[in-house]
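Notes follow once the structure below has been shown.
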Amino acid sequence: MREKIKTLSELYDILPENELVITDILRQIIIENLPPYGKEKISYQVPFFYGNKGISIIWPATIPRGGIKEGVLLGFWYGNKLQSLQNYLIKGTNKQIFCKVIKHTEEIDEKIIKALLSDALQIDKSWVG
């Protein structure tokens, strides 16, 4: 990769088909469940979703520094605080980020991801002081 990715279309242009499809499906699930105050931006060259603080991140293996060799990482910033189905996620290299590496579209469980997002959004709402 030569230049820093700044837009979703730049990211999609370089992803292999499998990573592109997984990334797009995960993005749609997250976007459909974000509250009105939620936002998406490209940060660290990948889709990053935040509200009052970080909520989740989607990191395709093609993008360096994601810590995976294949598939797409779905991470939750405060995964260490999530109550629902935490055993679906594994602890990342950071003490609070928990994640799931998805290598095939068949591994995407929308019901579980929505439950985790719901918990993550409850945590995010608690950051409003």
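Under the condition of being more than 14 Å from the chain's Cα centre (by Cα) and within 15 Å of Ile29 (Cβ to Cβ), the residues counted in segment 95-105 number 1. A search for C-beta distances below 7 Å between a residue of segment 56-74 that is within 13 Å of Phe98 (Cβ to Cβ) and any residue that is among the hydroxyl-bearing types (Ser, Thr, Tyr) and buried (at least 16 other Cβ atoms within 10 Å of the Cβ), counting only pairs 6+ apart in sequence or on different chains, returns Leu74/Ser56. The residue of segment 1-33 that is farthest from the chain's Cα centre (by Cα), among those that are within 18 Å of Gly51 (Cβ to Cβ) and in contact (Cβ under 8 Å) with a residue 40 or more places away in the chain, is Asn33. Taking segment 29-39, which residues are open to solvent by 70 Å² or more (accessible area, probe 1.4 Å) and either modelled with pLDDT under 95 or not in a helix (DSSP H, G or I) (or both)? Once the filter is applied, which keeps residues that are open to solvent by 70 Å² or more (accessible area, probe 1.4 Å) and either modelled with pLDDT under 95 or not in a helix (DSSP H, G or I) (or both), segment 29-39 yields Pro36, Tyr37, Lys39. Looking only at segment 11-28, which residues are touching a strand residue (DSSP E or B) at 6+ places or on another chain (Cβ under 9 Å) and exposed (fewer than 15 other Cβ atoms within 10 Å of the Cβ)? If the condition is that a residue be touching a strand residue (DSSP E or B) at 6+ places or on another chain (Cβ under 9 Å) and exposed (fewer than 15 other Cβ atoms within 10 Å of the Cβ), then Pro16 is the only one that fits. Filtering segment 40-60 to residues that are hydrophobic (A, V, I, L, M, F, W, C) and open to solvent by 20 Å² or more (accessible area, probe 1.4 Å) leaves Ile42, Phe48, Trp59.
Scanning segment 79-111 for residues that are open to solvent by less than 40 Å² (accessible area, probe 1.4 Å) and either modelled with pLDDT under 95 or part of a loop (DSSP other than H, G, I, E, B) (or both) gives Gly79, Leu82, Ser84, Tyr88, Leu89, Gly92, Ile97, Phe98, Cys99, Ile108.
The values are calculated or read from the model by the stated rules, or taken from the named source; none is laboratory data. Since we're looking at a predicted model, the values are computed, not measured. Using ideal geometry, Cβ is built from the backbone for each residue, glycine included, and neighbour counts are taken over all protein chains shown. To get the accessible areas, we keep the full protein, side chains included, count just its heavy atoms, and leave off ligands, DNA and RNA. Shrake-Rupley method; radii C 1.70, N 1.55, O 1.52, S 1.80 Å.
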